[in-house]
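Below is one structure; the comments refer to it alone.
The values are calculated or read from the model by the stated rules, or taken from the named source; none is laboratory data. It should be emphasised that the depicted structure is a prediction, and the values quoted were computed from it without experimental measurement. Please note: Cβ atoms are built from the backbone with ideal geometry, for glycine as well, and neighbour counts cover all protein chains shown.
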Amino acid sequence: MEIITEKEFQDKTKNGVVLIDFFATWCGPCKMMSPILENVQKEIGDKLTIYKVDVDNDEKLACSFGIMSIPTMILFVNGQKKEKHVGLWAKQDVIDTVSKYLP
């Protein structure tokens, strides 16, 4: 999954269904979440795009979304925030939530 920065954020989230994983490299639960999201991406395919934002490198962006704990995932549809989940998220729960917004 591609790690994006604040500069890219608007452009990457403005179209389609996009899940952003706010994480940190030192975060144990974040490391556990990565393979789950990779499996979700494989299962759903190109209907969903998943990006990661490193909260240590893009602190201002994380603060703008009120990220207080990681991992936090935010789902955007055509640039609009639709769902937010804090903490580990089971694969099927991610799929169930995201599927409500897929074309």
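Overview of values
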read-out	value
Residue identified as more than 12 Å from the chain's Cα centre (by Cα) and within 20 Å of THR13 (Cβ to Cβ) among ILE50, ILE74, ILE44, ILE70	ILE44
Checking ASP21 against (1) surrounded by 20 or more Cβ atoms within 10 Å (Cβ to Cβ); (2) not in a strand (DSSP E or B), the condition it does not meet	(2)
Members of segment 44-88 found to be crowded, with 18+ Cβ neighbours inside 10 Å and in contact with a Pro (Cβ under 8 Å, 6 or more places away or on another chain), listed by number	ILE70, PRO71
Selection status of GLY79, at pLDDT below 95 and small (Gly, Ala, Ser)	no
Pairs with Cβ under 9 Å, 6+ apart, first in segment 16-35 and touching a residue at least 12 places away in the same chain (Cβ under 8 Å), second part of a helix (DSSP H, G or I) and of a type in the set (Gly, Ala, Ser)	ASP21/SER34; PHE22/ALA62; PHE23/SER34
Residue that is nearest to ALA24 (Cα to Cα), among those in segment 46-101 that are in a helix (DSSP H, G or I) and touching a residue at least 60 places away in the same chain (Cβ under 8 Å)	VAL94
